[in-house]
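Below: one structure, written as structure tokens.
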Amino acid sequence: MSSSAAQEPEVLVDMKGSIAVVTLNRPKALNSLSLNMVQQLLALNTRITAQPRPGEPVSCVVVKGAGGKAFCAGGDVKELVVRALARNGGGTAAAASGPDPAAFGVSFFRTEYANNAAISQLPVPYVALIDGICMGGGVGASFHGAFRVATERTVLAMPEAGIGLFPDIGASFFLHRLPGCLGRYVGLTGERLTGAEVKDAGFATHLVPSARIAELEAALVALGPRAADPSVVDVLIRSFEEPLVVAGGGGGGGGGGSGGLRSSALLEWKLPLINVHFGRGGVEEIIASLEGAVAEAEAAAPQPAAGSLEAAQAAFLKSTLAAMRRGSPLSHAMTWELLRRSAAGHMTLRQALEMEFVVAARCVHGQADFLEGVRALLVDKDNKPGWKYGSVRQIPAEVVAALFEPLPGEGALFGASGAGAPASRM
């Protein structure tokens with residue numbers, strides 16, 4: 001790697017008049033977030049919030065990803081785990097820098113979550129152009145802003161249960177607010193939403209053809225100081241939307257084609273199925289319900305015709321069950337409890353992030369499956385994680401409860417002010 005490439009800024013901030021165009025600039029890593037990146041983003045958003053007069057000098061923030069493939073594929077969890085395991089890049093034992101090898105990971109989550117909250121409280125419009133992959137931390141860098149623009153190329157997921165973590169970045173605040181039981185489905189399975197599904201689910205506020213994203217960015221810049229008015233920004237983005245082509249039969253991925261943007265099947269037939277199975281009283285009940293439905297579909301005679309709605313539904317249920325079986329049972333238990341506590345306590349975004357920070361710190365210190373999951377999938381890549389438990393049923397209640405207890409000596413995310421802070425505008 002050349003020295004110039006090594007020194008390429010990970011976050012580019014281009015002031016175009018009063019519009020701050022922010023580019024997440026790690027294209028080879030699909031713009032995954034490093035500690036340096038979240039520190040820069042938090043500093044930028046804090047400065048904008050502290051402007052003496054709203055809209056001056058920054059009237060609007062536009063955030064995008066470099067490289068054409070991704071908005072942001074999430075946090076760089078591999079680096080966190082390698083450090084937490086006190087390993088070097090080759091995977092051999094080595095002394096971690098500092099007295100606590102988990103300190104780097106705790107610092108990352110602290111900064112990332114603080115930035116999520118900062119985005120939600122910006123006094124100017126925040127427009128995320130989520131054209132391409134958007135996962136985990138990428139959702140956190142987009143969802144908490146006022147405007148999230150998806151395209152037919154958008155692929156969105158919260159895949160944390162598959163690496164032994166849990167849906168974080170404020171997900172415990174917003175997942176249970178999605179339509180029906182969709183939040184449980186997204187958080188527990190890690191399955192992907194694409195194209196129009198992203199807007200139907202509520203993750204995006206607008207759906208614009210990918211080919212027009214650059215034109216939209218230029219139009220936002222051209223607004224100048226007028227971009228400080230959210231209604232003006234909303235009208236402009238809507239002017240770039242196009243009528244959807246209705247997906248036929250068992251289709252419904254929301255992908256684009258020569259006929260324009262395709263509608264999704266999420267609200268047409270997927271969500272009713274999701275509600276039936278994910279509306280159960282616990283994770284084990286969800287899995288049992290899916291197993292029964294998949295077994296019934298496989299025993300049906302004759303089998304549905306390829307391309308039919310029935311075939312698409314059967315494939316969807318089978319894929320959903322497989323995703324549930326891949327995930328860490330302890331992660332599922334954590335996710336269920338996070339959503340339960342947030343909904344029951346009517347938590348604000350800041351309160352939810354405070355709770356998530358406690359659990360994330362425990363995960364970085366090895367109390368859950370996070371270190372093992374990332375080791376298996378991203379470090380050693382043997383794809384054979386050794387989960388601590390074989391099923392949620394095996395997990396003692398006190399094990400889950402302990403994950404919600406603050407680590408001794410670890411300060412709160414927002415301090416004493418967190419409980420009374422305003423909720424996200426979302």
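The values are calculated or read from the model by the stated rules, or taken from the named source; none is laboratory data. Note that this is a predicted model, so its numbers are computed, not measured. We place every Cβ from the backbone using ideal geometry, glycine too, and count neighbours over all the protein chains shown. Side chains are part of the model used for accessible areas, which takes the heavy atoms of the whole protein and leaves out ligands, DNA and RNA. Shrake-Rupley method; radii C 1.70, N 1.55, O 1.52, S 1.80 Å.
At a glance:
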item: Estimated inter-spin distance, Glu268 and Ala402, nm [label 7 Å along Cα→Cβ]; result: 4.9
item: Helical mean residue ellipticity (222 nm; -39500 (n - 2.57) per DSSP H run of 4+; nearest 500) of the chain; result: -12500 deg cm²/dmol
item: For the chain, accessible area per residue (1.4 Å probe, heavy atoms of protein chains only), Å²; result: 40
item: Rounded FRET efficiency, nearest 0.05, which uses the C-beta distance separating Arg53 from Tyr389 and R0 of 45 Å; result: 0.25
item: Heavy atoms of Cys181 accessible to a 1.4 Å probe, total area in Å² rounded to 10; result: 30
item: Highest average packing first - 152-164, 297-309, Cβ atoms within 10 Å; result: 152-164, 297-309
item: Sequence-distant residues sharing a close amide H with Val62 (under 5 Å, placed H); result: Ala20, Val21, Val22, Val127
item: Read-out Rg/Rh (Cα atoms, Kirkwood Rh), derived from the coordinates shown; its label in (1) 1.02; (2) 0.96; (3) 1.07; result: (2)
item: Rough spin-label spacing in nm, given labels placed 7 Å along Cα→Cβ, for Ala43 and His346; result: 4.0
item: Two-site FRET efficiency, Glu284 against Asp229, from Cβ-Cβ distance with R₀ of 35 Å, rounded to 0.05; result: 0.10
item: For the chain, size of Cβ-based charge dipole, Lys and Arg +1, Asp and Glu -1, in debye; result: 300
item: The chain - percent of accessible surface contributed by carbon and sulfur, probe 1.4 Å; result: 56
item: Ordering of 128-141, 22-35, 336-349 by burial proxy (mean other Cβ atoms within 10 Å per residue, highest first); result: 128-141, 22-35, 336-349
item: Normalised contact order of the chain, rounded percent, pairs of Cα under 8 Å and 6 or more residues apart; result: 17
item: Solvent exposure, largest accessible area first (probe 1.4 Å, DNA, RNA and ligands not counted), of Lys384, Lys318, Lys16, Lys270; result: Lys384, Lys318, Lys16, Lys270
item: Highest-MSF residue in the chain out of Ala360, Ala322, Ala352 [GNM, Cα springs under 10 Å]; result: Ala322
item: Two-site FRET efficiency, Lys28 against Arg212, from Cβ-Cβ distance with R₀ of 35 Å, rounded to 0.05; result: 0.85
